[in-house]
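The values are calculated or read from the model by the stated rules, or taken from the named source; none is laboratory data. Since the model is a prediction, treat every value here as computed from it, not as a measurement. A quick note on method: Cβ atoms are made from the backbone with ideal geometry, for glycine too, and the neighbour counts reach across all protein chains shown. To get the accessible areas, we keep the full protein, side chains included, count just its heavy atoms, and leave off ligands, DNA and RNA. Shrake-Rupley method; radii C 1.70, N 1.55, O 1.52, S 1.80 Å.
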Amino acid sequence: MAETIAFGIIAACMLGSGLLAVTSKKLVHSVLWLAATLVSTAALYVALAAPFLAAMQIVLYTGGVVTLMLFGVMLTDQAHDVGAANLSGKRLPAVLLGLLLFGLLAAAIQRTSLPPIVEAPPASTVELGKVLLLDHVVAFEALSVLLLATMIGAIVLARRNDVQD
Amino acid sequence: MPTSAYLLLGAALFCMGVFGVLTRRNAIGVLIGVELMTNAVNLNLIALSRANGHLTGQAFALFSLALTVAEVIVGLAIVLLLYRSHRSVLTDSAVEMKG
Amino acid sequence: MNIASPITLAAVAVMAPLATFLIIGLIAPLRRSGKPAAWVGILGATTSTVAAALLVVDGRSDILIADWLGAGGKFFASIGFQVDGISASMLLVVSLVAWCVQVFSLGYMSDETPAGLGRYYTWHSLFLFSMNGLVMSPNALQLFLCWELVGLASYLLIGFYFRKPSAGRAAVKAFWITKLADIGLGAGLVALYVLTAKASPDGLGSFDWSPQVAQAIGTGGATVVAGLFFVAVMGKSAQFPLHIWLPDAMEGPTPVSALLHAATMVAAGVYLVVRAYPLFQAAPDVLLFMTYLGAWTAIFAAVIATVQTDIKKVLAYSTCSQLGYMVSGLGAGSLFGGYFHLFTHAGFKALLFLGAGALIHAVHSNELTDMGGLWRKMKLSGTAFILGALALAGVPGLAGFFSKDTILEALHASGQTVPWLMLLLAAGLTAFYMTRVVALALFGKPGHHTEHAHEAPASMLIPVLLLAVTAVGAGYMGGPLAKMVGAEYAFHWSMTGIIATSLGLLGIAAGWAIYGARIVTAEQLAVFAPIGNFIRASAVDRSAAWVYRNAMLGLGSGIAWFDRYVVDGVMNLTAWLAMSGGQQLRTFQSGRAGDYVYAVLVGVVLLVAAGLWNA
Amino acid sequence: MSQHLLDFTVAAPAFAALLLLFIPVRAMNVVRGVSLVGALAHLGGAIAVALNYDRAVGGVQMVSTHAVVPSMGIALTFGVDGWGVPLLLLTAVMLTTGVFASWNVQPRARDFFVLLLLLTSGVAGVFVSLDLFIFFLCYEIAVLPMYLLIAIWGTAKKVEAAGPFRFVWKMLDVGGKEYAAMKLTLMLLAGSALILAAMLALYTGAGSTSFDLRHLAMTTYAPSVQTWGFLAIWIGFGALAGVWPFHTWSPDGHAAAPTAVSMLHAGVLMKLGAFGVIRIGMILLPEGARDWVWLVGSVAMINIVYGAMSAMAQKDLKYIVAYSSVSHMGVVMLGAATLTINGWNGAVFQMVAHGLMTGLFFALVGLVYGRSHSRWVPDMGGFANKMPAVAVFFTIASLSSLGLPGLAGFVAEFLVFLGAWQSGQVIWAVAGLVGAFVTAVYVLRASKSIFWGPGPSEQFHDLTDAHGTEWVALTVLATALIVLGIWPRLGLDFIDIATSEYLPAVAQQTLEALR
């Protein structure tokens, strides 16, 4: 029972902050609400016995991504940009589409017979590491290359062309 | 909690992301929507990993996490570039790909 | 006589010209040097002639074949040499005439550049090789191979003066017409193969012309095969209406005309009938057709010959006419008659052409009117020419008389009255036009080149005189020749012979009266001019040209237009539709990322819905 | 050694191409040298294959297998049968002579040779591939470089707007070299799409375990796969073989392509199409083949006569030769459609004969065009005065084209006509003979108006005879034509082995009945 209540509270936090993240007029607020959503999700990860991922979620997402986004907002002078320019007028179709999609997905989930959550001790980081570095080592290495490429790509993209002049 | 609860939660979050992507004109706003969507996906992955009692789902979530970071970095770089060339980050202003 | 085996001799006779062809053709410095190349060519011809003579003397038959084409691990076509009486005697005729012509050419072609002379002898060697190969063919397929090669040599030699547009046209025309006719031979070979394959246990056909084959394929099959073969004969041996290439072929150097277009190559058609005679005998319809067509060609060409002013054209039409005799004789069932005439005709027609060549060489013109009175200047060549003309006219005692008589006899014996009458009439006409040629060219009013004319050089005279001997003597070879062919022959006077002789003498008298003694002036004969104009070859010629220009080229242009603008047009239209469709579709691409996201999400919704629907 | 011989032969040109990429563009002689060595290695390999092939044993020999995707049953399997030997030799000869013919190609010679060599590896791969997937892969490798080769090194002339679809001209650059290249590529790729579909049907129909042709050949496919699969393969490969009405890329493509490319394309690549129809379509789908031969043969008949008639109306030298290829490829398809030993032997022999002949033709056309800067036949005349050797070679090619005995073309056509008559379709044989006659008309006319007549006019002032490396291509090709014409068993003995092995199953008759 307590678990259900906890789940309800976290879910409500997540959905609420998520909704605010997509509806806030101020971009900075949006980013901050996104951070709140991500933290709530991290809490759910803990509930799903994935502490390592919860930690990563907070470190990478909330620490890294949100910060980056804030930088982005600042750098592009959007901090105080408020109002219509941020939000397009076509809100009703978007709401309908979102609701329709949710309805369909919910129906799909309801129809599918899913295995119940197995109550087990949280997965140890050691095991996760084994899975990562034994079963999926190629993907892991590919990911590292991807990150390197991302880094180089970001530098190339963001570099000012007039530096040479 | 049943697995479907997590999945429904993920679906709801995903649809919010969809809504965000559709309504934001600001490129960073769009990125926020995308983040919500990937987050929903990660939630599903972990929930199903738990349900199946196998860690591969978590490993995937981890990869997805890293990919998201990469995506945000490149996305923001593009936003900066867009801002520099168009003095605006509104997605409507970049229509050079018009057929 | 046992010098060498018959096969060795045959191989030498065939391969010697091939060797000279390769030597002259591939060794460029030799070819460009002219005279030495000519001597190499003559050496080849000499070797062939000697080998052929030994073969005739030897008299044995033999055959050597090598597998050439196969199917499913077994061979059905072979090439090689077949030595028997017919091939040996024909080989001698071909080689001897070729030798005479090649020697004659030394003098006749003396104005040619060394490189041109080398080329001339290259093609001559190619011709002799192909023709000898044709003669020695053990089956119809090899005969066809060589038949076409002979046509190639003819094409190259007619077009020898390739800078002259008319020579080019004539060469191509000759090739086209004979090639058109050769469709018949090709189809006939295919039919022969298929028919024999049906009758054979292992499914393999053959290209043999033996009586067994004729029996196996039956009358129906033989009619198809022989009929198709005969189409090719009509082309090669210049039978109406496919004769139109032969007069044009006179664009080639005169010795070429003597060798190819009078004595040997045009006789290849007749030779084919001779060789494949079992097949023809099994097809009476074809034989009947041959009798009539040959007779018609004989008289038709003879009439045209009477109005020609170019000496070579007269001889060309005369060749058509004489080939008509041979075909008609073969059609009447006389294998020996046709072959005998081929044999004698080769000698005196080569003589006539070489003699005409000597006259042309003297006055540098082909026109009868430019000659005139050459007798006084060129006694030897003139005598030889007159001997040839008399032999052709069928004067008793000379070669043409005997062979023509054999054919007429055969027609009479087989009861073919109409062709028989036609051929008799043609005999009279032959005598008439030859007398006309002799009267105009050798006697009569001197032409303006006659003054500077002089007797031909020795290289030209020797072959002419040698051939003159054959024109006199070949007729007496009938007995031995018949034995080689496997027939019986002994001359005796008959009603036909008397009529033909009288008609011939009448023709000579009339010719002399009009053109020699001028008792009747040519002007008084002008009433016959319309007939001459009407029957002129140009009528056939013109229709052929019309067919070529309108039917073939016109159809070709039409198809090419259709291909370019309709077939390809549809392809282009497809491309155009795709591009236009693209132009329409591009408006969907607004360029705004938001629109694309909408599209993607709508797509996702639809896919999920579809998935649910099906689940 | 011998099990890697085919690997070596196929890979040699590709390896040379790879090597060329590391050679500086300016080192022209090195570029040529490497290309030539690659070509000669290929030729040597092909000759070694021919010498190693044991005719007494027959069948597929010198098999080499390297698994590529074991889970799908894809393996790089090469093996040579009786057809492969002459076709491989043909490819090698064409590449070698093509390298000589493009000795002075400009600009970007290195890139040209890279593409040329790569393409040849693809062609050779198709001829000896025993794996359907690799077969298709090599096919695409052979076809695709063509686009660049034509679009970069080609020359072309615009076609005037006319006909019922003249509005199309506004959007398309009809006749331009990019147009020609694009048209060729698109039409052949459209064919490839059909082949791919049929290939997947074959693969799944045989249990989705292996692409090995020998495995597929043992499978009996469902009637629908037979019928539609064969049709798709016929049209798909037929597009490359110039089957009417999918031949229209050929005149424009061949006319626009540079000399060596025309040589290889008309000489070898078009054969891939016909080879594909027989090797894949007919052998793997015999029922489908039997259902459709009436159509294949009838269209081939159209090809022969229609192509020849079109050629007769052309005034551009390259178009004449290109249309003659359309006509002659009809002979190949006709032979295939007869389903008789002679027909098939003739079809494969015609592939070789036509390859050599058309290669010689295009080499000569390139030579004449290079000297006279004109392809317009009516303007020419009297060229034999200045270029006698070229005239002789041109005559040889013409004569082979019109099927003169003593040259390779005759043997092929004669066998095909024998087969056509044997198959009971006399009309096919007659159409073939008529086509041969029409060919005689247009090739001799072209030959006459180019080379005969009074000396060349003023505008052709720098005509010279063949010299240097040009002799190599001309001599080799002409000699091959003559040798095969005089002694056809050199090729036929190989071809007959494979035909005797494959045909009885396709025609469902005994060897005796098929002869």
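Data for the structure
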| item | result |
| --- | --- |
| Test item: Cα-centred dipole of the protein assembly as shown, Lys/Arg +1 and Asp/Glu -1 on Cβ, debye | 2380 |
| From phi via Karplus (6.51, -1.76, 1.60), per-residue ³J(HN,Hα) for region D:108-122 in Hz, x at Gly/Pro | 6, 4, 4, 4, 4, 5, 4, 5, 4, 5, 4, 4, 5, 4, x |
| 1.4 Å probe accessible area per residue over region B:3-88, in Å² | 28 |
| Average other protein chain Cβ within 10 Å of Cβ, residues B:39-48 | 5 |
| At least 18 Å along the helix axis (C-alpha) and Kyte average at least 1.6, DSSP helices within chain C | C:6-26, C:85-108, C:140-158, C:284-305, C:417-442, C:458-473, C:495-511, C:593-614 |
| Accessible surface of region A:1-76, 1.4 Å probe, proportion on carbon and sulfur as whole % | 83 |
| Minimum 40 Å² accessible area buried by the other protein chains, region C:179-197 residues, probe 1.4 Å, relative to alone | C:179, C:183, C:190, C:193, C:194 |
| Given 13 as the ceiling on other Cβ atoms within 10 Å, longest exposed-site-free region of chain D for GluC sites (Glu not before Pro) in DSSP loops | D:161-457 |
| Accessible area buried, both sides summed, chains D and C with 1.4 Å probe, Å² | 6100 |
| Debye log10 I(q)/I(0) at q = 0.07, 0.11, 0.13 Å⁻¹ for region D:2-514, Cα point scatterers | -0.34, -0.87, -1.24 |
| Label point 7 Å beyond Cα of residue A:107 along Cβ direction - residues of region C:562-602 with amide nitrogen under 19 Å | C:601-602 |
| Debye intensity ratio I(q)/I(0), log10, chain B, q values 0.13, 0.17, 0.19, 0.24 Å⁻¹ (C-alpha model) | -0.56, -0.80, -0.91, -1.17 |
| Greater than 31 Å apart at Cα, pairs in D:170/D:315; C:179/C:483; C:313/C:483; C:164/D:183 | C:179/C:483; C:313/C:483; C:164/D:183 |
| Chain pair A, B: total accessible area buried, heavy atoms, 1.4 Å probe, Å² | 6800 |
| Averaged over D:306-315, number of beta-carbon atoms from partner chains that fall within 10 Å | 6 |
| Over the protein assembly as shown: helical MRE at 222 nm, DSSP H runs n ≥ 4 each giving -39500 (n - 2.57), nearest 500 | -23500 deg cm²/dmol |
| Accessible area (Å², per residue) of chain A, counting only protein heavy atoms and a probe of 1.4 Å | 56 |
| Spatially proximal aspartates and glutamates relative to residue C:377 (Cα-Cα < 16 Å; intrachain offsets below 8 disregarded) | C:451, C:455 |
| Lysines whose Cα lies under 19 Å from that of residue A:25, excluding same-chain neighbours fewer than 8 positions away | A:90 |
| Restricting region C:421-516 to GluC sites (Glu not before Pro) in coil, as DSSP defines it, with at most 16 other Cβ within 10 Å | C:455, C:488 |
| Segments A:63-70, D:68-75, C:57-64 sorted - mean Cβ within 10 Å per residue, highest first | A:63-70, C:57-64, D:68-75 |
| For region D:261-280 versus region C:163-209, the gap between their alpha-carbon centres in whole angstrom | 29 |
| Per-residue HN-Hα couplings for region A:136-143 [Karplus 6.51, -1.76, 1.60; θ = phi - 60°; Hz; x = Gly/Pro] | 10, 5, 5, 4, 4, 5, 4, 5 |
| Relative contact order (%) - chain D, alpha-carbon pairs under 8 angstrom, separation at least six | 15 |
| Solvent exposure of chain C as accessible area per residue, Å², 1.4 Å probe | 35 |
| Fraction of accessible area attributable to carbon and sulfur, chain D (%, probe 1.4 Å) | 68 |
| Of C:404/C:445; C:173/D:177; C:198/D:271; D:158/D:271, pairs whose Cα-Cα distance is over 30 Å | C:404/C:445; C:173/D:177; C:198/D:271 |
| In degrees, nearest ten, helix D:489-507 long axis to first principal axis of chain D (Cα) | 40 |
| Qualifying trypsin sites (Lys or Arg not before Pro) for region C:378-458 [loop in DSSP, other Cβ within 10 Å: at most 15] | none |
| In degrees, nearest ten, helix B:27-52 long axis to first principal axis of chain B (Cα) | 10 |
| Within 10 Å of each Cβ in B:80-91, the average number of Cβ atoms from other chains | 5 |
| Nearby aspartates and glutamates by direct alpha-carbon distance to residue C:312 (threshold 15 angstrom, same-chain neighbours under 8 apart not counted) | C:248, C:251, C:367, C:370 |
| D:249, D:169, reordered so the largest accessible area comes first (probe 1.4 Å) | D:169, D:249 |
| Whole-Å distance, taken between Cα centres, linking region C:96-131 and region C:454-477 | 18 |
| Rounded percent of accessible protein surface that carbon and sulfur make up, chain C, 1.4 Å probe | 70 |
| Rounded to 10°, Cα long-axis angle of helix D:2-20 versus longest principal axis of chain D | 40 |
| Between region D:378-407 and region D:158-172, the Cα center-to-center distance that results, in Å | 35 |
| Orientation-averaged projected area, Cα convex hull of chain C (nm²) | 42.1 |
| Surface accessible to a 1.4 Å probe, residue D:55 within the full protein complex, Å² | 120 |
